[in-house]
Amino acid sequence: MNSEHIVLPRSFYARHAVEVARDLLGMRLVRIEAGRRVAGIITEAEAYEGEEDLACHARFGRTPRNGIMYGAPGFAYVYFTYGMHWMLNAVAEPEGVPAAVLIRAIQPTEGVDLIAARRGMRPPDQWTDGPAKLTFALNIARAQNGADLCDPSGELFIERGEPFPDAQVIQTARIGLFHTPEPWKSIPWRFVIVQEKKASRKEAETQRNLK
DNA sequence: AGCACGATTAACT
DNA sequence: GTTAATCGTGCTC
């Protein structure tokens, strides 16, 4: 583990989810598979914060599924949805406050052959440009729920990367909230890299809709 | 116990 | 632009 591979400390996550989401852009998501690194730079993320946020899974209070969000920051909250997809989140805020950041897209940088083995049937720019695409590409599922993202000896963690300047980051409403009432439906808690082809597909639709 | 729906994706018209 | 796929979760009765 050389100096270029420094995991983000737990204090990084012990802040408001919105700040964590913004600052995760440019950081490196690392998955260890059979001793090999499969990794990518985070290019899109969304914040889900508190029981009052009606888009957050904590809106019904603490349940068996979302309990991890109420725990210590810096852990992975991985959940199953739409009957077939896994989503990866990083728990934010100090223990007791339910909040998490959904990782929506990454730009592959390491272990590309392993990603290609799972996603190679499509063009490379569509390998990890969506929340369920990247978990499939990095083989992240139920077994990774609760993983300590601050543990560099674990199987899933996030390292410090090169932060993106504000000029390269745009903020929009979160994606996929159909029945969520305002103001939560439109609150700009999604952060994505500008002109980034590695961002999730629906970004283009969102940007069009905002004009 | 039953039911509506989901922080999505890929395929199809 | 539209829709099927597919099942765990949590609400309602």
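The values are calculated or read from the model by the stated rules, or taken from the named source; none is laboratory data. Please read all numbers here as calculations on a predicted model, not as lab measurements. Positions of Cβ are generated from backbone atoms using ideal geometry, with glycine treated the same way; all protein chains shown enter the neighbour counts.
Residues that are buried (at least 19 other Cβ atoms within 10 Å of the Cβ) and either of a type in the set (Lys, Arg) or within 16 Å of DNA strand C (Cβ to nearest atom) (or both) were ranked within the range A:151-187; the one that is farthest from A:LEU8 (Cα to Cα) is A:ILE175. For the range A:123-163, taking the residues that are of a type in the set (Phe, Trp, Tyr) and not in a helix (DSSP H, G or I), the one that is nearest to A:VAL7 (Cα to Cα) is identified as A:PHE157. Taking every residue in the range A:128-140 that is closer than 16 Å to A:VAL101 by Cα and pairing it with any residue that is at pLDDT 95 or above and in a loop (DSSP other than H, G, I, E, B), at least 6 positions away or on another chain, the pairs with Cβ-Cβ distances below 7 Å are A:LEU134/A:THR128; A:THR135/A:ALA141. Restricting the range A:139-175 to residues that are in contact with an Asp or Glu (Cβ under 8 Å, 6 or more places away or on another chain) and within 16 Å of DNA strand B (Cβ to nearest atom) leaves a set whose member that is farthest from A:MET69 (Cα to Cα) is A:THR172. All conditions but one from (1) within 9 Å of DNA strand B (Cβ to nearest atom); (2) within 19 Å of A:LEU149 (Cβ to Cβ); (3) under 11 Å from the mean Cα position of the chain (by Cα) apply to A:ILE106; the one that does not is (1). So, A:GLY71, is that one within 16 Å of DNA strand C (Cβ to nearest atom), modelled with pLDDT of 95 or more, over 13 Å from the mean Cα position of the chain (by Cα) and farther than 14 Å from A:THR43 by Cα or not? Yes; evaluated as a whole, the condition is true for this residue. Among the numbered conditions (1) in contact (Cβ under 8 Å) with a residue 60 or more places away in the chain; (2) under 25 Å from A:GLU19 (Cβ atoms), the only one that A:ASN89 does not meet is (1). For the range A:141-157, check the following and say yes or no: at least one residue is charged (D, E, K, R) and over 25 Å from A:PHE75 (Cβ atoms). Checked the range A:141-157: no residue is charged (D, E, K, R) and over 25 Å from A:PHE75 (Cβ atoms). Scanning the range A:40-68 for residues that are of a type in the set (A, V, I, L, M, F, W, C), in contact (Cβ under 8 Å) with a residue 24 or more places away in the chain and within 13 Å of DNA strand C (Cβ to nearest atom) yields A:LEU54, A:CYS56, A:ALA58, A:ILE68. Report whether or not A:GLU33 is in contact (Cβ under 8 Å) with a residue 40 or more places away in the chain, more than 16 Å from DNA strand C (Cβ to nearest atom), over 12 Å from the mean Cα position of the chain (by Cα) and within 21 Å of A:ALA132 (Cβ to Cβ). It is true that A:GLU33 is in contact (Cβ under 8 Å) with a residue 40 or more places away in the chain, more than 16 Å from DNA strand C (Cβ to nearest atom), over 12 Å from the mean Cα position of the chain (by Cα) and within 21 Å of A:ALA132 (Cβ to Cβ). Evaluating A:TRP127 against the criteria (1) in contact with a helix residue (DSSP H, G or I) (Cβ under 7 Å, 6 or more places away or on another chain); (2) closer than 24 Å to A:ARG10 by Cα; (3) aromatic (Phe, Trp, Tyr) leaves one unmet condition, (2). Annotation: of all residues in the range A:123-138 being among the hydrophobic types (A, V, I, L, M, F, W, C), within 20 Å of A:ARG36 (Cβ to Cβ) and within 9 Å of DNA strand B (Cβ to nearest atom), the one that is surrounded by the fewest Cβ atoms within 10 Å (Cβ to Cβ) is A:PHE136.
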